[in-house]
1. For the stretch 44-68, give me the residue count where each residue is part of a strand (DSSP E or B) and among the β-branched types (Val, Ile, Thr).
2. Against the conditions (1) part of a helix (DSSP H, G or I); (2) more than 18 Å from the chain's Cα centre (by Cα); (3) under 30 Å from Leu23 (Cα atoms), where does Asn223 fall short? Just the number, please.
3. Only one of (1) surrounded by 14 or more Cβ atoms within 10 Å (Cβ to Cβ); (2) assigned to a helix (DSSP H, G or I); (3) hydrophobic (A, V, I, L, M, F, W, C) fails for Met247. Which number is that?
4. Sort through Leu128, Leu204, Leu219 and tell me the only one that's under 26 Å from Glu256 (Cβ atoms), buried (at least 19 other Cβ atoms within 10 Å of the Cβ) and either among the acidic types (Asp, Glu) or in contact with a strand residue (DSSP E or B) (Cβ under 6 Å, 6 or more places away or on another chain) (or both).
5. Just to check your reading of the model, which residue among Val209, Val168, Val182 is of a type in the set (A, V, I, L, M), at pLDDT 95 or above and in contact with a His (Cβ under 9 Å, 6 or more places away or on another chain)?
6. Would you be able to say whether some residue in the stretch 107-124 is at pLDDT below 95 and either closer than 23 Å to Glu61 by Cβ or in a helix (DSSP H, G or I) (or both)?
7. State which residue is nearest to Leu91 (Cα to Cα) when the search covers only the stretch 16-43 and only residues that are touching a strand residue (DSSP E or B) at 6+ places or on another chain (Cβ under 7 Å) and not in a strand (DSSP E or B).
8. Are any residues in the stretch 251-278 over 29 Å from Asp138 (Cα atoms) and either in contact (Cβ under 8 Å) with a residue 24 or more places away in the chain or part of a helix (DSSP H, G or I) (or both), and if so, which ones?
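The values are calculated or read from the model by the stated rules, or taken from the named source; none is laboratory data. What you see is a predicted model, and the numbers here were worked out from it, not measured in a lab. Positions of Cβ are backbone-derived with ideal geometry, glycine not excepted, and every protein chain shown enters the neighbour counts.
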Amino acid sequence: MTNKKVLLTGGTGFIGQHCIPVLLESGFDVYASYRKTIPERYTRNVKWIKADLLHGMNNIEETMGKVGIDYLLHLAWDLTPGEYQNSGNNLKWLKASLDLIEVFIKYGGKRIVTAGTCFEYDFSDGILKEDITPLMPDTLYGECKAAMYNVTKHFCSIQGISYAHGRVFYLFGPGENKKRVVPYVITELAQGHKPRCGSGVQRLDYLYVKDVAKAFVALLDTNIQGAVNIGSGEVFSLRSFLDKIQMEMGFEDMIEFADPVCGDIKQIVANSARLRNEVGWKADYSIQSGVIEFIKWMTEKVRNLSH
């Protein structure tokens, strides 16, 4: 029996690298795009395609024409910390994403899953639910992700193509950019420094990256249509989340939090009922077990860099 062929974009990225083993275990024949280098551990099991999606689809189109790709899991996007939310690159990624989807459908693709974001929503609702909470992005990133969803949904409906869009909330874990708050705090504590953070009063929905990857693959392997929140459905203040990290590392009161300012207090949490009940996903990691595994991974990385 021929395996289900999937094209994974962003296969070397934060979420994508964790999707690869789940895809392989789920019986997918994995074709993954990369721009610079391929992770050695996956070289034998994955067919890698060198492609810069912002500069054309030639290699992607050639592969689709030769082997046929049934599924598309599109995760690639620019998420440079401190820059991505209002970067003009979002416009380039929106165009590249729509071009990719058009090529995929042209060559007979059957099922598309794209990566969205909680930043597509109107945050004033607090608990965010697909098809109920209004889409009201306040960043260019959120606007472009919402535009990708709306255009792709309409186009796929016309073409008779199966399509779902996983809206990711807050995540953490191995492979995360070191400039993001969780890796920064772990690195500083591991080196005996006092991390300096914002107020931490925001109440956020965190999920371990391996569970996010598992959710995307589960969504890909169903025929669920439309938007699906990918979040835990649980909410913690960022401060309490970071406190869990420092306590697990054997510290207390090492993190220096700033005083709250106007606009700091907000809640962003997923209604995850659709993910759990319709997709059939459940988390393998609790927040605590995810924190423990990530601390071990990060501290080992810090130790190796110091030698």
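1. Of the residues in that region, 1 qualify.
2. (1)
3. The failed condition is (1).
4. Just a single option satisfies the conditions, and that option is Leu204.
5. Exactly one of Val209, Val168, Val182 is of a type in the set (A, V, I, L, M), at pLDDT 95 or above and in contact with a His (Cβ under 9 Å, 6 or more places away or on another chain), namely Val209.
6. Within the stretch 107-124, one or more residues are at pLDDT below 95 and either closer than 23 Å to Glu61 by Cβ or in a helix (DSSP H, G or I) (or both).
7. To start, the set of residues in the stretch 16-43 that are touching a strand residue (DSSP E or B) at 6+ places or on another chain (Cβ under 7 Å) comprises 16, 19-20, 23-24, 27-34, 38.
Remaining after also requiring not in a strand (DSSP E or B): 16, 19-20, 23-24, 27, 38.
Values: Gly16: 21, Cys19: 26, Ile20: 27, Leu23: 29, Leu24: 32, Gly27: 34, Ile38: 26 Å.
Looking at the filtered set, the residue picked out is Gly16.
8. Phe251, Met254, Ile255, Asn277, Glu278
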